[in-house]
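Colleague: This is the structure, below, for whatever I ask next.
The values are calculated or read from the model by the stated rules, or taken from the named source; none is laboratory data. Just so we're clear, the structure is a prediction, and the values are computed from it rather than from any experiment. Neighbour counts are summed over all protein chains in view; Cβ atoms, including those assigned to glycine, are modelled from backbone coordinates with ideal geometry. Heavy atoms of the whole protein, side chains included, go into the accessibility calculation; ligands, DNA and RNA do not. Shrake-Rupley method; radii C 1.70, N 1.55, O 1.52, S 1.80 Å.
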Amino acid sequence: MHETMTTSPSDRGLVDVLVIGAGVTGIYQLYRAREAGFTVRLLEAGSGVGGTWYWNRYPEARLDSESYTYGYLFSKELWEECEWSEHFAGQPEIERYFNYVVDRFDLRRHIEFGSKVNAAVWDENTGTWTVRDENGVEHRARHVVAATGILSVPFIPDIPGRDEFRGEQHHTGRWPKTPVDFTGKRVAQIGTGSSGVQIVPAIADQVARLSVYQKVADWLTPLNNRPITPEEQAGLKVGFESIRDTLSTSPSGFLHEIVMRSGLEDSPEQRREFYEAKWNSPGFTKLSEHYYDMTTNPTVNEEWCAFIAEKIRSIVKDPETAEKLIPKGHGYGGRRPPFGTGYYEAYNKPTVQLVDLNETPILRITETGIETSEGHQEFDIIIWATGYDFGTGALNRLGVRGRRGLELKKHWADGPSTYLGVTTAGFPNFYFPGGPHGALGNNPRYSGDQGDYVMDLLVHARDRGHDVVEVTPAAEQEWTDLVNDSAGQSSFLESSYFYGANIPGKPVKQLLNPTGRWKLQELIRESKDTGFPAFTFSKAPEKTEA
């Protein structure tokens, strides 16, 4: 484990670019800013790098994007030096990768760990930001890049008695570094999303009893992970340029090939064979390499869902449990599809029980367990696999105030308004690549597009002697309207967390970019080619007076 860097208060001078968050986007933004000649600093709340892959260290946490498509593409040497052991790497390997990158490019000396930001205030007079962390340390910066991520604020439902429980409680997004001992323990897991389905089979053989509380069943399909063979490793190295070019232009950010065929062009027998191949294919190919009309053609979607339901019934021995695991009310692609290994099989173990919260709601947490409408059960450990405040959660908690003291949280009270998912009007020199209204697909790929755009914008301003960069309200409105009006292009339902529907009181608004990555890239190119017309540029007031 790397040591935390410490500095004295006198070291906190004005920097050109201050990055918040040492995840995949923040590390890349730090690297790009330094390489562009800006003075830089990065503030990270944790004691290590990796963002999601620092905090999510629960059992069997792993990627469901292919490992080599998730990493960085800016260095051929880095690509050749880092060999992923599996097609879908586990958390320890991912965390090691980010630590290697930070040290390989000498970025650690620019990072201050244990520095959780709770205020960022724009100073009209100097054209700078004052950023304060929870330690009371203030940092000044010309530009702030909040690379805080879309899945970084854990959500735990407000269930009565939660603070009274005397056993262990852990959210998947804030898992302790010390391994949790499940041996012989009575465990309750609340939630069955992407993280929940990874944990269940990982601990099923260790526990005395595991009760899984499910609110909504999802169309889970196998991850189909496996080691990367030596031959595949050699192919990845030789194919770097081709892979990089594909990932830089792919609409999904994957190496997957779109199937330009309607499901109805095939016979029922051919479709059955195709579905079987998809079931056995890796990860997101079940969505990105399916029939192109799988999410839009009800006949094809319903048939694919019926195929998955048939698989569930064939795997899960108890018919009642199998029916609970089959989604009702939404088709494949209506919610973010999870991928698992041995998830359905785990319910065949005598130690694992599925509880449908629609039939058996939780009434309260007690000192010793959970009381539902059917009675009380005692537990030693409660796992909260209940998701995140997606998209805007982290940004709304930074205490950001822009012009005339405008709070970002209030500016977004009815949902986010952005320009290209990177900035918002009234908050000069403030950017959030990888935040709301980005593209739709493999996160590092579209946040990389946005990060590159931010750096091009900052270099453009610097080269012309400008200190203050601000998007116009008209440009912000145009992009936000486009995002909201294009909701019909996305298969995701408004009941999903991609609209914030999982957070009580949060406005149900589009948090993704349903127009897709190609549209985002098209508008980025147009903006750069025409001198960033959506922005106003000026000198800082103090410099103007001087």
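Colleague: Please give the number of the condition Gly50 fails out of (1) assigned to a loop (DSSP other than H, G, I, E, B); (2) touching a strand residue (DSSP E or B) at 6+ places or on another chain (Cβ under 9 Å); (3) surrounded by 23 or more Cβ atoms within 10 Å (Cβ to Cβ).
Modeller: Going through the list (1) assigned to a loop (DSSP other than H, G, I, E, B); (2) touching a strand residue (DSSP E or B) at 6+ places or on another chain (Cβ under 9 Å); (3) surrounded by 23 or more Cβ atoms within 10 Å (Cβ to Cβ), Gly50 breaks only (2).
Colleague: Are any residues in region 454-478 under 18 Å from Ser417 (Cα atoms) and open to solvent by less than 10 Å² (accessible area, probe 1.4 Å), and if so, which ones?
Modeller: Within region 454-478, Val454, Val469, Val471 qualify.
Colleague: If you don't mind, there's one more thing I want to ask. Having 3 or more residues that are open to solvent by 20 Å² or more (accessible area, probe 1.4 Å) and among the hydroxyl-bearing types (Ser, Thr, Tyr) is the bar; report the helices (runs of 4 or more DSSP H) wholly within region 184-294 that clear it.
Modeller: Filter on region 184-294 gives 240-249.
Colleague: Right, another one. Considering only region 163-183, state which residues are polar (S, T, N, Q) and either surrounded by 22 or more Cβ atoms within 10 Å (Cβ to Cβ) or free of Cβ contacts under 8 Å to residues at least 40 places away in the same chain (or both).
Modeller: Listed by number, the residues that qualify are Thr172, Thr178, Thr183.
Colleague: State yes or no: is Leu78 touching a Phe, Trp or Tyr at 6+ places or on another chain (Cβ under 8 Å), more than 25 Å from Ala394 (Cβ to Cβ), aliphatic (A, V, I, L, M) and modelled with pLDDT of 95 or more?
Modeller: yes
Colleague: Let me ask another. Which of the residues spanning region 501-546 are more than 30 Å from Val216 (Cα to Cα) and aliphatic (A, V, I, L, M)?
Modeller: Leu520, Leu523, Ile524, Ala534, Ala540, Ala546
Colleague: Ok, one more. Mind checking whether some residue in region 376-385 is free of Cβ contacts under 8 Å to residues at least 12 places away in the same chain and under 30 Å from Thr183 (Cα atoms)?
Modeller: Within region 376-385 (the criterion being free of Cβ contacts under 8 Å to residues at least 12 places away in the same chain and under 30 Å from Thr183 (Cα atoms)), the answer is yes, since at least one residue qualifies.
Colleague: Residues to consider are Gly333, Gly387; find the one that is modelled with pLDDT of 95 or more, at positive phi and open to solvent by less than 60 Å² (accessible area, probe 1.4 Å).
Modeller: Gly387
Colleague: Picking from Arg140, Arg104, which residue would you name as being open to solvent by 30 Å² or more (accessible area, probe 1.4 Å), within 25 Å of the chain's Cα centre (by Cα) and either free of Cβ contacts under 8 Å to residues at least 12 places away in the same chain or under 28 Å from Asp456 (Cα atoms) (or both)?
Modeller: Arg104
Colleague: Grab the helices (runs of 4 or more DSSP H) fully contained in region 457-546, keeping just those with 1 or more residues being among the acidic types (Asp, Glu) and within 30 Å of Tyr388 (Cβ to Cβ).
Modeller: 473-485, 517-529
Colleague: Taking the options Thr341, Thr372, name whichever one is open to solvent by 50 Å² or more (accessible area, probe 1.4 Å) and either within 29 Å of the chain's Cα centre (by Cα) or closer than 16 Å to Leu210 by Cα (or both).
Modeller: Only one candidate qualifies: Thr341.
Colleague: Another question, if that's okay. Here's a check for you: in region 498-538, which residue that is in contact with a strand residue (DSSP E or B) (Cβ under 7 Å, 6 or more places away or on another chain) and of a type outside the set (Gly, Ala, Ser) is most open to solvent (accessible area, probe 1.4 Å)?
Modeller: Thr536
Colleague: Which ones in region 295-330 are of a type in the set (Gly, Ala, Ser) and open to solvent by less than 20 Å² (accessible area, probe 1.4 Å)?
Modeller: If the condition is that a residue be of a type in the set (Gly, Ala, Ser) and open to solvent by less than 20 Å² (accessible area, probe 1.4 Å), then Ala309, Ala322 are the ones that fit.
Colleague: Please determine, by comparing only the residues of region 390-403 that are in contact (Cβ under 8 Å) with a residue 24 or more places away in the chain and open to solvent by 20 Å² or more (accessible area, probe 1.4 Å), which one is nearest to Asn56 (Cα to Cα).
Modeller: Checked region 390-403; the qualifying residue nearest to Asn56 (Cα to Cα) is Arg397.
Colleague: Also, quick follow-up: Taking Ala346, is it out of contact with any helix residue (DSSP H, G or I) (no Cβ under 9 Å at 6 or more places or on another chain) and of a type in the set (Gly, Ala, Ser)?
Modeller: no
Colleague: Something else about it: Could you check region 428-445 and list, in sequence order, the residues that are open to solvent by less than 10 Å² (accessible area, probe 1.4 Å), more than 11 Å from the chain's Cα centre (by Cα) and closer than 26 Å to Tyr497 by Cα?
Modeller: Phe430, Tyr431, Phe432, Pro433, His437, Gly438, Ala439
One line per residue, one yes/no per condition, for (1) touching a residue at least 12 places away in the same chain (Cβ under 8 Å); (2) on the phi < 0 side of the Ramachandran plot; (3) touching a helix residue (DSSP H, G or I) at 6+ places or on another chain (Cβ under 7 Å):
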position: Glu35; (1), (2), (3): no, yes, no
position: Val40; (1), (2), (3): yes, yes, yes
position: Ser67; (1), (2), (3): yes, yes, no
position: Glu77; (1), (2), (3): no, yes, no
position: Glu80; (1), (2), (3): yes, yes, yes
position: Arg109; (1), (2), (3): yes, yes, no
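Colleague: Right, next: Restrict the check to region 300-320 and report whether at least one residue is aromatic (Phe, Trp, Tyr) and in a loop (DSSP other than H, G, I, E, B).
Modeller: no
Colleague: Let me ask another. Please count how many residues of region 56-76 are in contact with a strand residue (DSSP E or B) (Cβ under 9 Å, 6 or more places away or on another chain), open to solvent by 10 Å² or more (accessible area, probe 1.4 Å) and within 12 Å of Val24 (Cβ to Cβ).
Modeller: 0
Colleague: Let me ask another. What number goes with the only condition from (1) more than 30 Å from Glu302 (Cβ to Cβ); (2) among the small types (Gly, Ala, Ser); (3) modelled with pLDDT of 95 or more that Gly149 does not pass?
Modeller: Among (1) more than 30 Å from Glu302 (Cβ to Cβ); (2) among the small types (Gly, Ala, Ser); (3) modelled with pLDDT of 95 or more, Gly149 violates only (3).
Colleague: I'd like to verify a number: residues in region 9-37 that are assigned to a loop (DSSP other than H, G, I, E, B), open to solvent by 20 Å² or more (accessible area, probe 1.4 Å) and modelled with pLDDT of 95 or more, how many?
Modeller: The number of residues fulfilling the criteria is 2.
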